Amino acid sequence: DVKVTQSSRYLVKRTGEKVFLECVQDMDHENMFWYRQDPGLGLRLIYFSYDVKMKEKGDIPEGYSVSREKKERFSLILESASTNQTSMYLCASSSPHLLAAPWNEQFFGPGTRLTVL
Amino acid sequence: GENVEQHPSTLSVQEGDSAVIKCTYSDSASNYFPWYKQELGKGPQLIIDIRSNVGEKKDQRIAVTLNKTAKHFSLHITETQPEDSAVYFCAAIPRSNDYKLSFGAGTTVTVRA
């Protein structure tokens, strides 16, 4: 069974702390994504990685960085957490191959609800 | 970039009735339109998708229609059941970028017993 796991379901941090959110997928997918989900705003892409050590900014990268040292693991880093980064963070992975069925389906983890005090 | 608008933001239906969610997109080059369902405490999961060369697709009680001229697509759920209660997201992938999805804001569907 396809699986994307995230290191924590709930996380509480203080303003200014460095925060690491970890995501692991077991499907050998090349693509991995980090989104944040806020009410009324849907899912907004923070960063995207299409290969090990490769990354691309999404729509809202400010205040975030990412790391992909291994194919199965994609980390989101908040260098100095702020209260406006309180949100639900979702990780996803997908295969870019044309024969993947359904094509380009993104598989999501359960999410990490981060609260920054 | 692609801009996807989704309506309504909330939808309450009686069990057994139909539910319709509508989305519009801005990039006429978009060619793939998936729908995701997010149940409480879980991540979104793909439930149905449609490509730009198809006008309609059905899978049991759910169907999606696409109007390329008007740049809108819709999700139809018939004979709604309590397990259909969830948040639904529409999305689009522009032809220029095969990997990244642009999501709508989501619709919270509540099915009343």
The relative contact order of chain A, taking Cα pairs under 8 Å that sit 6 or more residues apart, comes to a percentage of 35
Could you go through the range B:106-113 in sequence order and give the Karplus-derived ³J(HN,Hα) for each residue, using 6.51 cos²θ - 1.76 cosθ + 1.60 with θ = phi - 60°, rounded to whole Hz, and x for Gly and Pro? x, 10, 8, 9, 10, 9, 8, 6
For the range B:17-36 and the range B:55-103, what is the separation of their Cα centres, given in Å? 5
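For a footprinting-style exposure proxy, rank B:S52, A:S82 by other Cβ within 10 Å, fewest first.
Numbers: B:S52 16, A:S82 12.
Least to most surrounded, the residues fall as A:S82, B:S52.
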When only Cα pairs under 8 Å and 6 or more residues apart are kept, what is the percent relative contact order across chain B? 37
What translational diffusion coefficient, to the nearest whole µm²/s, does the protein assembly as shown have by Stokes-Einstein, given a Kirkwood radius computed over alpha-carbon pairs, a temperature of 4 °C and 1.567 mPa s viscosity? 72
Which residues qualify? For A:N104, with a placed amide H closer than 5 Å and at least 5 residues away or on another chain, they are A:S95
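Looking at the range A:38-117, which trypsin sites (Lys or Arg not before Pro) are in a loop (DSSP not H, G, I, E or B) and have at most 13 other Cβ atoms within 10 Å?
Numbers: sites: A:R44, A:K53, A:K55, A:K57, A:R68, A:K70, A:K71, A:R73, A:R113; in loops: A:K53, A:K71.
Here the trypsin sites (Lys or Arg not before Pro) that fit, given the DSSP loop and packing criteria, are A:K53.
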Say we join alpha carbon atoms closer than 10 Å with springs in a Gaussian network model of chain B; which of B:K57, B:K37, B:K100 then has the biggest fluctuation? B:K100
Which whole-Hz couplings ³J(HN,Hα) result when phi for each residue of the range A:88-93 is put into the Karplus expression 6.51 cos²θ - 1.76 cosθ + 1.60, θ = phi - 60°, listed in order with x for Gly and Pro? 9, 10, 10, 9, 9, 9
Calculate the mean, over all residues of peptide B:102-112, of how many other protein chain Cβ atoms lie within 10 angstrom of the residue's Cβ. 3
Averaged over all viewing directions, the convex hull of the alpha carbons in the range B:27-103 casts a projected area in nm² of 5.3
B:T78 and B:K58 label points (each 7 Å along its Cα→Cβ direction) are spaced in nm at 0.5
Taking amide hydrogens as modeled 1.01 Å from N in the peptide plane, which residues meet the under 5 Å criterion relative to A:S8, leaving out close sequence neighbours? A:E22
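Tell me, what does the Kirkwood hydrodynamic radius of the range A:45-115 come to in angstroms if you use every pair of distinct C-alpha atoms? It would help to have the intermediate numbers written out before the result.
Details: mean 1/r = 0.0748 Å⁻¹.
The answer is 13.4 Å.
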Between A:S65 and B:A113, the FRET efficiency computed from the C-beta separation at R0 = 30 Å comes out, to the nearest 0.05, as 0.05
For peptide A:83-96, compute the average count of partner chain beta-carbon atoms within 10 Å of each residue's beta-carbon. 1
Along the positive direction of the dipole of the protein assembly as shown (beta-carbon charges: Lys, Arg +1; Asp, Glu -1; about the Cα centre), which of A:F74, A:Y89, A:G16 reaches farthest? A:G16
Residue with peak Gaussian network fluctuation, chain A [Cα springs, cutoff 10 Å], from A:F33, A:F74, A:F107: A:F107
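Taking each residue of B:82-89 in turn, how many C-beta atoms of other protein chains fall within 10 Å of its C-beta, and what is the average?
Rounded to a whole number, the mean comes out at 1.
Every read-out reported here was derived from the displayed coordinates using simple, explicitly stated rules and does not represent laboratory data. Nothing here was measured: the structure is a model prediction, and the numbers come from that model. Cβ sites come from the backbone with ideal geometry, for glycine too, and all protein chains shown count toward neighbours.
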